[in-house]
Every structure is written in C-alpha cells, then in structure tokens.
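Some notes on the structure that comes next.
The values are calculated or read from the model by the stated rules, or taken from the named source; none is laboratory data. Note that the structure is a prediction, hence the values are computed from the model and not measured. Note that we place each Cβ from the backbone using ideal geometry, even for glycine, and neighbour counts take in every protein chain shown. Ligands, DNA and RNA are stripped out before the accessible areas are found, and what is left, the full protein with its side chains, is counted by its heavy atoms. Shrake-Rupley method; radii C 1.70, N 1.55, O 1.52, S 1.80 Å.
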Amino acid sequence: MRLLGSTGWGHLLVALAALWLAPAGASAQGAGIHTQSGCMTGRNGAGVAHPCQDGSAVYYNPAALVRENGAVSFGVTVIDQAGSFVHDTTGTEVTRVPGSMIVPHGWATYRLSERIGLGLGVWQPYGLSVDWPVCPPEQPRCGTGFEGRFAGYAHSLRGVYLQPTIAYDVIPGRLSIGVGVDLVKGDIEIRRRLDLAEQTTGPFTFSQLGIAQGTDFADVRIAGDGWGVTGHVGALFRVSNGISVGARYLHSVELALDGTADFTQVPTFLTVGPLGTIFPTTMSLDDFIAASGVFEPGGVASDQDFSTSITLPAQAVAGIALQLDPTLRVLLDYQWTQWSQWDQADVDFGVALDERLILDFEDAGTVRFGVDYALSDRVTVRGGFTLAEAAARDASVSPFLPDSERALFGGGMSYRASERLSLDVVAMTMNAASRRGRLVRRESIDETAEQLNGGLYSSDGQLFGATVTYHFGGTR
C-alpha cells in the first residue's frame, strides 16, 4: 500500500528547494541589502558618485579607491523585521515571529600610487530571515499556526561576496575606473509543514477519508550551500570641483546549490478506522503512517539530497554628487536590479521527481537621496530617503515575499575621534504599503493573483548599524 504519491512529494521538495528565491528584506526590494557601511547607510545608500572613505567603495563604486588614501573598517547592521497577514475569509491576523538579521561588513583599501588603488571587501548584498508562527510537534493543533505553513513558515538566506579590487586613474584627477572579481558563497535554510489531507493512500486522498484540511503530519527542513564567481566594474568622473558623476555594474552570478532535505514526523494524535482494507480496525493514524515506511531510508519522505542552480541578479547604479558649499553635499542615485532573472528554477532530487518552480519576478528600480552636512571638523551628520519598487509580481507575493513598494528614511552621524580613527552610527525605518498575497504554492504561470491571493500582507522594519574605520592617511 502506498501512503504518498511520489509526484506530490516532488512538488513539495521543489518548493522547499527554491523558497529562498522569493524572500522579503527589510532594507530593500526582494532580498537586496544596501547597508554595507554606517556612513553610506546614513545617506540611505546614495553615493555612487562620491562613496564614503571607509573602504566601502569596493562595493558602492570600485573606481573611487584611487581617490582615497586607504582605510580598514569593520561594521555590522542589525535589521529588525516585523509583519502580519490578515485572511480574507476569517479576518484572522497572524503576526510574524519577531526576529533580527545581523549583517556584517569589512573593508581594506590601499592607495598604491597616485594612479592606482587596491581594495578587498567582504559583504552581503543579498539576504533575509523570515519566520511565521507554527505549532510545536507535540501540540499540532494549538490554534496559533500560520495557515501558510504548508507553503513555508521559516527561511533564511545569506549571499556573501568576497571581492579583491583594483582602480586606475585613467585621466588624472578626472576619470577613474575600478574592477573587481567576486567569489560568492550562498547558504539557505527552509522549514515547512506537510498537510496530511492532501496526501494519497491507494486511490484516495486522506481528505476523502475524513482527515480535515490543515492536519500537520511532517516537518521538513532543507539546507544547502553553493559557490559562484562574478565581476564588478565602476567608473567615476569629476566634472568640476563641486560636481561628480559615477556608475557601477555588478554582474549576476549563478550559484550551484547542493544540500539535504530532512523529514520529521509530526504526530496527529488521531485514530482512524475501520474502513475496508485501508484501515481494517481502529488504529492510531500516526502508527499507520510510521509503519508505511515513508520516513524510512529510501522512502519518499526519507532524508535525501537535492541540487539546483539559481542566479543572483545583476544590478546597475548611476548617480550624481553636488558639493553645494564646504559643509554641504547632496547625492542622488538610481539603481536597477534585474530581478527578472528569477523566472523559474529546475530542481533535482535523490528520490522525488525532478520539478520546475515558477518564480515570475520582474526588474525593479530604486531611487536614493542623501545629504552630508559637516557640523565641525570632527562631526558630520547625514540623512536621506529611499523609494523602492516591488520586485514581486501580484501572483508572486507569498509568505516568503510580502514584498511591496516601500519608502525608507534614515540618518546617521560620523565622529572623527582622531586623524586616523572614526566611528559611524546609523538608524533607519521602513514604511511599506500593504499588499495582497497568497498562502499557497503557485502551480502554473497561468494562475493569476485573483485565483491565488487570499489576504493582505503588511510589513515594516528598522535597522541600526555602526562602522569603525582606521584611515591610513586621513581623508581627501
């Protein structure tokens, strides 16, 4: 007797393997993180035409390294995320589990000569952490479980970049270019519950045998990692003493991901039978499931390997910096991110059937505005705002992507303790528009938002960060 159809398990595992492709970040659209420097974040990330001199130009514009004296810095950003879902039918509101994501960054740059600058950076431009409440295994019907747990209730992503960089002053004092090679490491972890009512035993589904929809019987954890290589290029042009323009392009990177999917039985505490030859006597449903062998080695719910590949999207930024007077600078950037590269994903499994997951994202833009104001030789205050388009299409908004148009506002302060040592601190808040979304997996590109979406997602977030910098020769 077969407990679960293998095709159903294939769909399950495909969704698990690619959930990290549909995340929500508190600091930008999709899974983008643009908070790689306390100084730059104080400007809301604006500054491709005039990066801060803490070494973060390795990311924000590699061409600027030849204009700086060199520095070593380390910092961290703490992103607090919150959100909720209100169901259309019941009006029930489910609140996300509070949590914080810690994103570190580190930079080292050196001006080798008047026309050559070198740099090395470690940072995380893509990442997220989202958790929804779920009942513990020993109390599967506790009443607090998120209905979308069968699509996924917890996931995390880290995309860490290591980039050695070189910059050259092509036209001394006017035009410089910078290039870097990026070694990228991606890590994922996904958690999901399985609904027994949707599974099959013989010719029947368990819902046809009287099992209620929303009956947890298994918990799944998938974790994996992978590596990739890409490149980064930037250009910086000084129009005059008070005006500069800049641009950079970070190429996409394909990550080959390998990992394992681990299954744990969740007790239903139900009894069934008698029912013909399927349940000839009254018996524990949990014992029946365990005895079927689906969780044993080689069973369709046994621990197994998976592999897939995914592309982290390309991004391009252009901007201008205006020095209005000796104390005041304003900066404006526009960023385009090629989220449409998240279209679909093919996933291979050791036991389950190979599948294709529909993602269906679209390219999106972000506008950033920032201001620097020098209060004194030691203290500079910063501020700015960001307006970001949503990367998810209407039918792609899910527990993993309560993504919407959003505005971010923040500010910070730089304190120069000495000629060589400085500290930057920053705080930012996000205001996101509520957006309708789904609780279920998307099976076909033809399925529309009207067919899938069942409620309203809301999200907000705050972040706090700091960067300590040692300057080799002061700022320029």
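Roughly speaking, what % of Cα-Cα pairs in segment 330-392 are separated by over 15 Å, rounded to a whole number?
The share of Cα pairs beyond 15 Å in segment 330-392 comes to 68 percent.
Using 0.36 nm per residue of separation minus the Cα-Cα distance, give me the extension gain between residue 418 and residue 260 in nm, one decimal.
51.8 nm
In debye, nearest 20, what is the charge dipole magnitude of the chain about its Cα centre with +1 on Lys and Arg Cβ and -1 on Asp and Glu Cβ, if you could check?
So the dipole magnitude of the chain works out to roughly 1800 debye.
What are the ³J(HN,Hα) couplings of segment 300-305, residue after residue, when phi is run through the Karplus curve with 6.51, -1.76, 1.60 and θ = phi - 60°? Round to Hz, x for glycine and proline.
Karplus-based 3J(HN,Hα) across segment 300-305 equals 5, 10, 7, 4, 8, 8 Hz.
Report the extension gain between residue 82 and residue 229 in nm, rounded to one decimal, defined as 0.36 nm multiplied by the number of residues separating them, less their alpha carbon distance.
Values: separation 147, 0.36 × 147 = 52.92 nm, distance 3.32 nm.
Gain on stretching residue 82 to residue 229: 49.6 nm.
Calculate, in nm to one decimal, what residue 470 and residue 282 gain on full extension: separation in residues at 0.36 nm each, minus their alpha carbon distance. All intermediate terms of the calculation are to be shown ahead of the outcome.
Numbers: separation 188, 0.36 × 188 = 67.68 nm, distance 7.27 nm.
Gain on stretching residue 470 to residue 282: 60.4 nm.
Once R0 is set to 56 Å, what does the formula 1/(1 + (r/R0)^6) return for the Cβ-Cβ distance between residue 433 and residue 114, expressed as a FRET efficiency to the nearest 0.05?
The computed FRET efficiency comes out at 0.70.
Given the C-alpha atoms of segment 150-211, compute the convex hull and give its volume per residue in Å³.
Taking only Cα atoms, segment 150-211 has a hull volume of 153 Å³ per residue.
Please report, for the Cα atoms of segment 252-380, the Rg to one decimal and the Dmax as a whole number; what are they, in angstrom?
My reading of the Cα-based Rg and Dmax gives 27.9, 87 Å.
In angstroms, what radius of gyration and Dmax does segment 55-107 have, counting Cα atoms only?
Both quantities, over Cα of segment 55-107: 20.0, 61 Å.
Which distance in nm do the two modelled labels at residue 291 and residue 387 give, with both placed 7 Å along the Cα-to-Cβ direction?
6.6
Over all distinct alpha-carbon pairs, what is the Kirkwood Rh of segment 360-476 in angstrom? Please report the intermediate quantities before stating the final value.
Values: mean 1/r = 0.0586 Å⁻¹.
Result for segment 360-476 stands at 17.1 Å.
What spacing in nm lies between the two simple spin-label points modelled at residue 245 and residue 448, each 7 Å away from Cα in the Cβ direction?
With each label placed 7 Å out from Cα toward Cβ, I get 4.3 nm.
Restricting the calculation to Cα positions, tell me the Rg (one decimal) and the Dmax (whole number) of segment 86-126 in Å.
Every Cα atom of segment 86-126 included, Rg and Dmax give 22.5, 67 Å.
5 Å is the cut-off here: which amide hydrogens, built 1.01 Å from N in the peptide plane, fall below it relative to residue 398, excluding neighbours closer than 5 in sequence?
Amide H to amide H, under 5 Å and 5 or more residues apart or across chains, residue 398 pairs with 403, 438.
Check which residues have an amide H placed less than 5 Å from residue 224's amide H, if you skip close sequence neighbours.
188
Quick one: how many Å² of residue 86 are accessible to a 1.4 Å probe, rounded to 10?
Surface accessible to solvent at residue 86 totals approximately 50 Å².
Positive end of the dipole of segment 324-475, charges at C-beta (+1 Lys, Arg; -1 Asp, Glu), about the Cα centre: which of 367, 453, 409 has its Cα farthest in that direction?
The one lying farthest along the dipole's positive direction is 409.
Counting each DSSP H run of 4 or more residues in the chain as -39500 (n - 2.57), what helix-only mean residue ellipticity at 222 nm follows after dividing by all residues, to the nearest 500 deg cm²/dmol?
-1500 deg cm²/dmol
Mind pulling up the Rg/Rh value for segment 115-248? Radius of gyration and Kirkwood radius, both on Cα. Don't skip to the end; give the middle numbers.
On the way: Rg = 25.6 Å, Rh = 19.4 Å.
My calculation puts Rg/Rh at 1.32.
Run the simple label-point estimate for residue 168 and residue 343 please: 7 Å along Cα→C-beta, distance reported in nm.
Distance between the two pseudo-spin positions: 3.6 nm.
Mind pulling the angle between the C-alpha long axis of helix 6-18 and the longest principal axis of the chain? Nearest 10 degrees, somewhere in 0 to 90.
With rounding to tens, the tilt is 20 degrees.
Enumerate the amide H contacts of residue 132 below 5 Å, restricted to partners 5 or more residues apart or on another chain; note that Pro and chain-start residues carry no placed amide H.
97, 154
Can you compute the equivalent ellipsoid semi-axes for the chain, i.e. the square root of 5 times each eigenvalue of the Cα gyration tensor, sorted largest first and rounded to whole Å?
Those come to 49, 21, 18 Å.
Out of all Cα-Cα pairs in segment 60-162, roughly what percent, to the nearest whole number, are more than 22 Å apart?
In whole percent, the share of Cα-Cα pairs in segment 60-162 beyond 22 Å is 54.
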